[in-house]
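*Asks:* One structure is given below, represented as structure tokens, and several questions about it will come after.
Quick note: the coordinates plus some simple rules give every number you see, no bench work behind them. Since the model is a prediction, treat every value here as computed from it, not as a measurement. As a convention, Cβ positions derive from the backbone with ideal geometry for all residues, glycine included, and neighbour counts pool all protein chains shown.
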Amino acid sequence: MPTKDKIAKVENMASLIKDSKAIYFSDCLGLNVEQINDLRSKMFDSNVKMQVAKNTLIKLSLKKAGYDFDSTEILKGPTALVYGIEDSVSPAKILMDFKKNNEKIDKPQVKALIFEGKLFGEEKVNEIAALPSKEVLFGKLLSGLSYPISHLLGDLQSSMQKVVGVLNSLKEKKNN
């Protein structure tokens, strides 16, 4: 018989899963309290949430959120869900940077991820972590959009300067 606490936890997790752009299934076993707190603070700064739950509750939450896939291989051993609520790339960057800075323990280990509604294996995490952030992409987009306009303005200015030059030379010829 499910308790009210477990039902509420499944509801909460299902809601977070639906609202997230990416969900990372991670194994954080082996991290001490200080390392977990450090990881959580880095996630908090980027509006990324991490939640450790029983695999049966995660399975129920996934089903409730509309994901129907065989999660038996993914949900072996302790599992932490990392939710990318605003950004689907930030969690991958945080997890991979943390793992790189703590090479001795080689954790957290990403088991799989749901990225933009599709399930991927752990090999995709490195590819996603290599993607530029939203801010960098917006900067590239804006510079790409502004280049033709600035180029056009430069051409127009040089054309106007040529016209002014021709008019000045005509004026000087008339005066002479």
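*Asks:* For K76, go through the aspartates and glutamates and keep the ones whose alpha-carbon is under 12 Å away, minus same-chain ones fewer than eight residues off.
*Replies:* D27
*Asks:* So what's the back-of-envelope 222 nm ellipticity for the chain, counting only DSSP H runs of four-plus at -39500 (n - 2.57) apiece and dividing by all residues, rounded to 500?
*Replies:* Result for the chain, helices only: -19000 deg cm²/dmol.
*Asks:* List the lysines whose Cα sits under 22 Å from the Cα of K93, skipping any in the same chain fewer than 8 residues away.
*Replies:* K18, K21, K42, K49, K104, K107, K111, K118, K124, K134, K140
*Asks:* If I fit a long axis through the Cα atoms of helix 33-45 and take the longest principal axis of the Cα atoms of the chain, what angle between them do I get, 0 to 90°, rounded to 10?
*Replies:* Relative to the chain, helix 33-45 is tipped by roughly 40 degrees.
*Asks:* In nm, to one decimal, how far is the N12 label point from the A130 one, both placed 7 Å along Cα→Cβ?
*Replies:* So the two model labels end up 3.8 nm from each other.
*Asks:* Using a cut-off of 13 Å between beta-carbons, work out the net charge of the residues near L119 (Lys and Arg +1, Asp and Glu -1, L119 not included).
*Replies:* Combined, the nearby Lys, Arg, Asp and Glu give -3.
*Asks:* Taking the Cα centre of the chain as origin, work out the dipole magnitude from +1 charges on Lys and Arg Cβ and -1 charges on Asp and Glu Cβ, in debye rounded to 20.
*Replies:* Approximately 400 debye in magnitude.
*Asks:* Quick one: grab the alpha carbon gyration tensor of the stretch 6-47, order the square roots of its eigenvalues as a ≥ b ≥ c, and give me rounded if a/c is under 1.5, else prolate or oblate depending on whether a/b is larger than b/c.
*Replies:* prolate
*Asks:* Here is a follow-up. Taking the dipole about the Cα centre of the stretch 132-176, with the C-beta of Lys and Arg at +1 and of Asp and Glu at -1, give me whichever of N175, L142, S159 is farthest to the positive side.
*Replies:* Positive-end residue among those listed: N175.
*Asks:* Something else about it: From the mean inverse distance of alpha carbon pairs (Kirkwood) and the Cα radius of gyration, derive Rg over Rh for the stretch 1-113.
*Replies:* 0.96
*Asks:* How far, in degrees from 0 to 90, does helix 134-175 lean away from the longest principal axis of the Cα atoms of the chain, to the nearest 10?
*Replies:* Orientation of helix 134-175: about 0 degrees from the principal axis.
*Asks:* Using only Cα atoms and rounding to the nearest 10 degrees, what angle (0 to 90) does helix 55-64 make with the longest principal axis of the chain?
*Replies:* Value to nearest ten degrees: 60.
*Asks:* Name the shape class, rounded, prolate or oblate, that the alpha-carbon gyration tensor gives for the stretch 31-85, where a ≥ b ≥ c are the square roots of its eigenvalues, rounded holds for a/c under 1.5, and otherwise prolate holds if a/b is larger than b/c and oblate otherwise.
*Replies:* Since a/c reaches 1.5 but b/c is at least a/b, the shape of the stretch 31-85 is classed as oblate.
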